[in-house]
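Take a look at the structure below.
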Amino acid sequence: MEIKVLRNILSANDQIASDNRKLLDSKKVFAVNIMSSPGAGKTTVILETVRRFRGRAKTGVIEGDVASSIDAEKIGKEKVPVVQINTGGACHLDAAMVSKALSNLPLDEIKLLFIENVGNLICPGEFYLGEHKKVVLLSTPEGDDKPYKYPLLFKIADGILVTKTDLLPHLNFKIDNLVKAVRSINQKAEIIPLSAMTGEGMENWISWLTNGIR
Ligand code: MG
Ligand code: ZN
């Protein structure tokens with residue numbers, strides 16, 4: 001009986017997530033769930049990406065944070081639709097929060113939607129939101145061993161962005177070590193090293209995203 005109750009709780013999130021997915025599909029919106037620890041560069045990468053899609057595809061952003069609207073204000077300056085979710089303490093987004101945000105976005109216009117999850121390398125991986133792709137950022141200062149320590153996120157990722165590659169000369173981070181760590185648990189994820197500061201690698205990320213836009 002206990003197990004049955006737990007299953008019902010889990011499926012409640014999945015049910016809403018699958019409704020989100022149906023809505024996104026009906027509006028032909030390609031949605032990407034962006035996950036990482038705090039400070040890996042999610043908002044900065046989203047900002048640079050939104051700028052690069054200007055005039056090519058309409059973008060939109062859902063910003064998830066425990067508190068504040070700092071990130072949504074940054075995105076809003078780019079004149080793209082943005083909704084801030086404050087989780088009020090919860091360390092991840094769930095499908096119900098995203099459902100509410102979707103109802104506040106012009107989905108008829110948006111082709112590419114970024115869902116910036118709460119900065120946390122652990123439990124965001126446990127909540128399906130209705131997204132088409134899961135992307136995990138790992139910044140070079142965090143170390144190339146993180147896939148061994150936080151396997152879930154790296155295991156379920158469709159794309160892994162190694163951010164802040166401009167710092168590589170100052171760090172012990174080795175891209176080869178990171179690739180080896182990822183491949184020990186995930187054979188399929190596209191691994192894209194990039195620097196939003198210098199622009200290095202950004203075109204690989206842009207073309208990966210472009211493949212998903214309908
Ligand atoms: Mg952010
Ligand atoms: Zn959480």
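A few remarks follow.
- Those residues of the range 26-41 which are in contact with a strand residue (DSSP E or B) (Cβ under 9 Å, 6 or more places away or on another chain), more than 16 Å from ligand 2 (Cβ to nearest atom) and either part of a strand (DSSP E or B) or not small (Gly, Ala, Ser) (or both), in sequence order: Val29, Phe30, Ala31, Val32
- For the range 117-131, a tally of residues being near ligand 2 (Cβ under 8 Å from one of its atoms) and in contact with a strand residue (DSSP E or B) (Cβ under 6 Å, 6 or more places away or on another chain) returns 2.
- Unique match (being open to solvent by less than 50 Å² (accessible area, probe 1.4 Å) and closer than 19 Å to Val45 by Cβ) among Ala157, Ala101, Ala181: Ala157
- Residue that is farthest from ligand 1 (Cβ to nearest atom), among those in the range 31-46 that are more than 17 Å from Cys91 (Cα to Cα) and open to solvent by less than 10 Å² (accessible area, probe 1.4 Å): Ala31
- Exactly one residue out of Val66, Val61 is surrounded by 18 or more Cβ atoms within 10 Å (Cβ to Cβ), of a type in the set (A, V, I, L, M, F, W, C) and within 13 Å of ligand 1 (Cβ to nearest atom), and it is Val61.
The values are calculated or read from the model by the stated rules, or taken from the named source; none is laboratory data. Keep in mind the model is a prediction, meaning the values are calculated, not measured. When we count neighbours, we look across all protein chains shown, and the Cβ atoms used for this are built from the backbone with ideal geometry, even at glycine. Note: areas computed on protein heavy atoms with side chains; ligands, DNA, RNA excluded. Shrake-Rupley method; radii C 1.70, N 1.55, O 1.52, S 1.80 Å.
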